[in-house]
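Report on the following structure.
Readers should treat all values here as calculations from the given coordinates under stated rules, not as data from a laboratory. All of these numbers come straight from a predicted model, not from anything done at the bench. All Cβ positions, glycine included, derive from the backbone under ideal geometry; neighbour counts span all protein chains shown.
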Amino acid sequence: MTQPDDPRRVKVIVELIEHTSRIAELNERGDLRQRLDAAHKRILDPQIRVVIAGQLKQGKSQLLNSLLNLPVARVGDDETTALATIVTFGEPASADLVVEPRPGASEPEVINIPIADIKNDLRRAPQAGGREVIRVEVKAPSPLLKGGLAFVDTPGVGGHGQPHLSATLGLLPDADAMLMVSDTSQEFTEPEMRFIRQAYEICPVGAIVATKTDLYPYWRQIVETNAGHLQRAAVAMPMIPASSLLRSHAVQLNDKELNEESNFPAIVRFLSEKVLSRENDRVREQVLGEIAAAAEHLTLAVSSELSAINDPDDARRLTEDLERRKQEAQDALQHTALWQQVLNDGISDLTADVDHDLRSRFRAITNHSEKVIDACDPTQHWAEIGAEAEDAVATAVGDNFVWAYQRAEALASEVAKTFVEAGLDAVQMPEVSAREMGAGFEGLKSLAKLESKPIGKGHKAITSMRGSYGGVLMFGMLTSVAGLGMFNPLSLGAGLLLGRKAYKEDMENRMLRVRNEAKTNLRKFVEDVSFVVGKESRDRLKGIQRQLRDHYREIANQTTRSLNESLQATLAAARMEENERNSRIQELERQLNILTQVTDNVEKLRVSTVPTAL
């Protein structure tokens, strides 16, 4: 599978960057040149990241191995993928561990390991020297990877408390596409459907791969049922049934019919038509925005100087207008600027809303779990109650993460509007960093064990006998006055009734005590999670605030510099000699013509029209 020849018009975009950079250099705009250089590197990055995600034991790693026809991911009967594994093209095959930095260092360290070691659990690899392993990076000589695909195999998100849920969601903002893996043993579970919806809201380009069709004869009904679930949830992702086992056999036997039956060609077609074609190319849109913003800054300076030279009498009016706009831009740098107000108010509202949303979700979980506790004997069902509560908390954290990510992007858009309203048309939206938004909460403790044990038969007998003895003794003494013995039918009957009453009261008191203990454990667990997640959430939003503040402050600074240099150029133009004036007019008209073509071509690229050559 090969990528079509330059479907993103990368060559044209690079040409636009080069033309704009040269004009920025002529006008001594090093700041714009730096932005364009960064955009140049991003557009030439060949990697197209595809995240492979899903619940535990759905066949993610086997799918990747069969797709590449290489053992690049660990498979087995236990939880095999415990670390995110990034697979890219490379010859010969190699593997690296990315571990946490050494003390005093800022960047993670990359350690080469034998390729055979990827079959092992690398979380405690001896090469790491006791440091935490962040991820595994594998290079493989697969033809499928030559087109720029980079697969990210993630740990399963299911299991006790869904420990990898937030970490997997944190990878999706940087992904170009995702393959969501679910086997055909049963229809989507509620946690699985929630995870699919969460992932789709962050990365809308993807497909559901229904695996293990060779194992389950009713897989077609399961696929049809799941397609209905996706439609009702408004998740517009195609479903591709496939069998990794049949694919492996087909490759070994070179059997084309068996390969078609495995349906892996459908996955390859999806990757070719929807992913390699970059239908939702966020990097390309960001680069085009950088070019448009730089061209607008340069056009302002060039057109201002050209107007002043062509019409010296108009220089005074132009100078006054530039002075006014310069003052407005400088005002934007002050703490009371509109964009600062929008950002600060937006972050305050977002922090409060995210915290309230998280608390509301946790309160609903606590209320539901307490109702379950009141309706049963917690000592008999504590494992089920705990697993349900931990899964619900993990799901709530994931939903809260997705909502916060979407609100952060919306806030960035709101701040950008303040610049557009001030007359700056091409304001590049910052990319909300996945590293800032990503959150892992794997360090949380599980729900505490319930100390109370189920009552034994001996305790029941002793409790009953204790109540019966008092009843027999009391009524026996009363009946002895009437000439009856201590043990008679009346005293024995009274002892039986009182023993039953004592047993029932003891059981009720015990159940009340056990339920209160269970509720206390539940509330403590939810409070601990709320404490950790709340702190992480606030820190995350502070990081987003700093990211947006620095981005828009740079825009305000660049706007001020553009207006200031335009003002200086206008004043210098009024003092220019005739010969020099004519030469300068020709140069400015040339630059303005190039910038106009750059802006026009950017607009054409944004609407997917083939641009003209400069």
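Structure values in brief
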{"item": "Kirkwood estimate for segment 190-266, i.e. one over the average of 1/r between Cα atoms, Å", "result": "13.6 Å"}
{"item": "Neighbour-count ranking [beta-carbon atoms within 10 angstrom, fewest first] of 373, 196", "result": "373, 196"}
{"item": "Full-stretch length increase - residue 37, residue 583 - with 0.36 nm per residue and alpha-carbon distance subtracted", "result": "193.6 nm"}
{"item": "Burial order of peptide ranges 93-105, 511-523, 53-65 (average beta-carbon count within 10 Å, highest first)", "result": "53-65, 511-523, 93-105"}
{"item": "Euclidean distance between Cα centres, segment 241-285 to segment 372-420, Å", "result": "34 Å"}
{"item": "18 Å Cα-Cα threshold exceeded, pairs from 119/212; 60/119; 57/119; 371/519", "result": "119/212"}
{"item": "Ranked 132, 290, 296, 192, criterion: other C-beta atoms within 10 Å, fewest first", "result": "132, 296, 192, 290"}
{"item": "Relative packing of 111-123, 380-392, which averages over residues the other C-beta atoms within 10 Å, highest first", "result": "380-392, 111-123"}
{"item": "Highest average packing first - 224-235, 8-19, 203-214, Cβ atoms within 10 Å", "result": "203-214, 8-19, 224-235"}
{"item": "Whole-Hz couplings from phi, Karplus 6.51/-1.76/1.60, listed for segment 593-603; x for Gly and Pro", "result": "5, 5, 5, 4, 5, 4, 4, 4, 5, 4, 5"}
{"item": "Under-5 Å amide H pairs with residue 135, H placed in peptide plane, nonlocal only", "result": "98"}
{"item": "Relative counts (whole %) of C-alpha pair distances in segment 341-388, using bins that are 10 Å wide", "result": "23, 31, 20, 15, 9, 1"}
{"item": "Whole-Hz couplings from phi, Karplus 6.51/-1.76/1.60, listed for segment 224-231; x for Gly and Pro", "result": "5, 5, 5, 4, x, 4, 5, 5"}
{"item": "Table column - 3J(HN,Hα) (Hz), segment 47-62, Karplus curve with 6.51, -1.76, 1.60, x for Gly and Pro", "result": "6, 10, 8, 10, 8, 9, 9, x, 6, 5, 6, 9, x, 5, 5, 5"}
